[in-house]
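The values are calculated or read from the model by the stated rules, or taken from the named source; none is laboratory data. Bear in mind that the values here come from a model prediction, so they are computed numbers and not experimental data. Because the Cβ atoms are built from the backbone with ideal geometry, glycine has one as well, and the counts that use them run over all protein chains shown. Keep in mind that these areas ignore ligands, DNA and RNA; they rest on the heavy atoms of the full protein, side chains included. Shrake-Rupley method; radii C 1.70, N 1.55, O 1.52, S 1.80 Å.
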Amino acid sequence: MTAATSPGIRRAALVVLLLAFWLISLRHLTVVPPVYEDEPWQASTGWKLATSGVFGSDLFAGLYDMDRRYYGYLPLHPLLLAAIYRTAGIGLLQTRLEPVALGLLTLALTATMAQALFRNRRVDLLALLFLLFLRLNGAGPFRVTGIPLLDTARIARYDMTVPVFGLAAWYVFWRTAVKRPAVGRRAVFGYLLAGALTALASLGHLYGAFWLPALVILAFWLPLPGRQGRPHRVAAAGLLAGFLIPWLLYLPYVFTDLPAWRGQTSFYGERFQLFDWQWYLTNLRQEPLRYALWLPDDLLPRLARVGAWVHLLGLPMVVLVLTRRARHDAAARALLLPTVLLPALMALLIFLKLSNYLVLFTPVWCLALAWGGVTLWDRLTRARPGLRAMRWLLAALLLAAVFEGVTRLAALETAAAGTTPYPAFIQQVRRWLPPGSQVLGLHNYWLGLEDYDYRSFAVPILWTDPAYTSPPLTFDAALSRVAPDVILLDAHLRDYFTHHRDQEAALTAWLAQHNGRLAASIEDATYGALDIYWVQP
């Protein structure tokens with residue numbers, strides 16, 4: 001942890017770490033992980049926006065106007081995908097390049113924020129090293145490495161938009177308030193920009209809005225230049241006004257068709273039970289599930305997970321030191337608040353315990369751990385000889401954590417060797433689809449079949465559900481309304497029908513009535529068994 005001998009060496013080291021992330025992320029990008037069900041779903045909106053200028057998804061045509069106006073997720077991620085599709089066409093590689101590029105920006109912004117907060121230039125290098133190699137999660141099909149940034153940046157969901165714009169908002173606010181204190185119009189512009197960037201984070205996913213209370217609290221906690229009280233109010237007002245501007249641009253789109261918005265968002269009712277105090281307690285009680293620290297490994301591998309122990313033991317110690325320093329150190333305040341507040345709000349307010357969401361604050365955590373590691377090293381360096389030797393223990397812990405992360409890259413290679421590339425799998429499916437077919441299947445397989453008139457099986461299923469359709473249709477009537485030429489039945493649907501025998505019987509009868517026949521069965525070790533039925537509607 002010795003200081004870099006020159007700014008040039010430090011910058012070169014930062015570039016090497018950024019290149020390492022890029023190369024790691026591009027490795028087997030269309031193979032590992034298998035296509036996540038949300039990726040084709042969200043890509044379908046970006047593709048329609050790119051090709052027809054309509055923010056909708058043909059996957060769900062006929063369900064609350066989803067093919068003309070889509071409200072099931074926020075627009076930032078599909079807008080970025082649309083820009084990529086307009087220039088590079090559509091495909092799994094192009095789709096996953098977007099989160100990889102956002103991951104690269106996340107690393108760069110983390111380093112930039114470290115340099116803005118602390119004069120010690122080793123903090124930025126160590127923060128990037130932690131983001132790249134510090135394992136937190138257990139293993140799983142979509143958590144191949146257990147390193148939040150590496151795993152999340154391989155899945156084309158909206159998650160990676162949040163840390164980019166959240167970190168950018170944090171940096172602009174710090175620069176305006178403390179780093180290069182601004183007054184007058186320049187200060188107002190800086191706070192407006194920080195608020196607008198926070199809004200963009202929330203337009204990637206709603207939990208990006210958690211940066212707003214963090215920055216507003218800092219606006220009153222940090223020492224700002226100007227007359228007492230007034231600059232704090234200006235900062236808070238600027239943040240709030242800046243946050244509202246992007247949302248005021250989006251809300252007219254919502255108000256244009258409120259019935260469609262209500263219908264589409266009714267699917268998420270259990271996630272927003274804001275007036276039920278038990279809902280908050282349930283969220284807090286289930287929050288450990290997000291970290292997947294206990295599954296699926298046995299006891300010994302769990303105990304040997306160095307990166308998780310660095311988080312579990314290191315973060316409380318860093319928070320304690322930051323709390324003491326916050327009395328007189330603005331940088332400590334700026335780091336302490338998001339380190340504590342962002343995961344607390346996540347635990348309290350986010351019902352889904354997905355590990356993807358960790359990227360909201362893992363860059364902040366890695367920055368806090370890096371600062372704590374460098375600070376401890378420097379203190380031990382100045383200590384008496386007996387304590388100075390403890391630096392070797394600290395260095396050994398760092399090396400063990402990084403080594404564990406490197407071994408997880410080997411797990412990536414192992415997973416790739418046993419995973420069917422999605423383009424190869426979908427090419428097998430295409431062989432059995434007549435040109436111009438109307439295809440009915442789960443949205444999981446839309447990527448690579450976007451040139452077909454493809455409808456999600458969720459549409460006829462939800463047409464039969466009185467909770468979402470009034471009056472509901474019978475299942476055979478719903479199938480006839482879609483009128484598919486081809487039906488794709490996979491393991492997920494077969495499992496669904498085993499729990500809905502009446503719909504399974506209706507599907508069997510409908511296939512018999514429309515001369516449905518099994519055209520092919522594709523057996524795949526990664527994507528399971530897929531039956532392809534040809535139908536005469």
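The table for this structure:
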read-out: Single residue of Ala20, Ala50, Ala13 found to be outside any loop (DSSP other than H, G, I, E, B) and in contact with a Leu (Cβ under 6 Å, 6 or more places away or on another chain); value: Ala13
read-out: Check on Ser57, free of Cβ contacts under 8 Å to residues at least 40 places away in the same chain and either open to solvent by 20 Å² or more (accessible area, probe 1.4 Å) or over 12 Å from Ala260 (Cβ atoms) (or both); value: yes
read-out: Restricting the stretch 344-357 to residues that are at pLDDT 95 or above and open to solvent by less than 20 Å² (accessible area, probe 1.4 Å), the residue that is farthest from Tyr171 (Cα to Cα); value: Ala347
read-out: Test result for Thr508, more than 12 Å from Gly441 (Cβ to Cβ), of a type outside the set (Gly, Ala, Ser) and either assigned to a strand (DSSP E or B) or open to solvent by less than 70 Å² (accessible area, probe 1.4 Å) (or both); value: no
read-out: Within the stretch 478-490, tally of residues that are surrounded by 15 or more Cβ atoms within 10 Å (Cβ to Cβ), assigned to a helix (DSSP H, G or I) and out of contact with any Lys or Arg (no Cβ under 6 Å at 6 or more places or on another chain); value: 3
read-out: Selection within the stretch 234-271 - closer than 30 Å to Val172 by Cβ, aliphatic (A, V, I, L, M) and buried (at least 16 other Cβ atoms within 10 Å of the Cβ); value: Val234, Ala235, Ala236, Ala237, Leu239, Leu240
read-out: In the stretch 524-537, residue nearest to Thr420 (Cα to Cα) [restricted to those that are open to solvent by 70 Å² or more (accessible area, probe 1.4 Å) and modelled with pLDDT under 95]; value: Ala525
read-out: Residues of the stretch 421-477 that turn out to be open to solvent by 10 Å² or more (accessible area, probe 1.4 Å), more than 27 Å from His500 (Cα to Cα) and of a type in the set (Ser, Thr, Tyr), as a count; value: 1
read-out: Residue that is modelled with the highest pLDDT [pool: residues in the stretch 272-296 that are open to solvent by less than 80 Å² (accessible area, probe 1.4 Å) and more than 20 Å from Leu341 (Cα to Cα)]; value: Asp276
read-out: Check on Ala331, among the small types (Gly, Ala, Ser), out of contact with any Cys (no Cβ under 7 Å at 6 or more places or on another chain) and at pLDDT below 95; value: no
read-out: Among the residues listed as Pro213, Pro181, Pro163, Pro148, the single one being closer than 30 Å to Trp309 by Cα and over 12 Å from the mean Cα position of the chain (by Cα); value: Pro213
read-out: Exclusive hit being more than 20 Å from the chain's Cα centre (by Cα), aromatic (Phe, Trp, Tyr) and at pLDDT below 95, set Phe118, Phe142; value: Phe118
read-out: Residue within the stretch 331-338 that is open to solvent by less than 30 Å² (accessible area, probe 1.4 Å) and within 24 Å of Pro99 (Cβ to Cβ) present; value: yes
read-out: Residue in the stretch 305-327 that is outside any helix (DSSP H, G or I) and open to solvent by 20 Å² or more (accessible area, probe 1.4 Å) present; value: yes
read-out: Helices (runs of 4 or more DSSP H) wholly inside the stretch 383-445 that include at least 2 residues being more than 27 Å from Leu29 (Cα to Cα) and in contact (Cβ under 8 Å) with a residue 60 or more places away in the chain; value: 391-417
read-out: Single unsatisfied condition, Leu493 versus (1) farther than 19 Å from Asp476 by Cβ; (2) open to solvent by less than 20 Å² (accessible area, probe 1.4 Å); value: (1)
read-out: Cross-chain or 6+ apart pairs with Cβ under 8 Å, the stretch 146-158 first and free of Cβ contacts under 8 Å to residues at least 12 places away in the same chain, then open to solvent by 10 Å² or more (accessible area, probe 1.4 Å) and assigned to a helix (DSSP H, G or I); value: none
read-out: Among the residues listed as Arg185, Arg122, Arg143, the single one being farther than 28 Å from Leu313 by Cβ and of a type in the set (Lys, Arg); value: Arg185
read-out: Set Arg175, Arg157: member being under 18 Å from the mean Cα position of the chain (by Cα) and of a type outside the set (A, V, I, L, M, F, W, C); value: Arg157
read-out: Residues that are in contact with a helix residue (DSSP H, G or I) (Cβ under 6 Å, 6 or more places away or on another chain) and more than 30 Å from Ile522 (Cβ to Cβ), drawn from the stretch 395-432; value: Ala400, Ala401, Val402, Glu404, Gly405
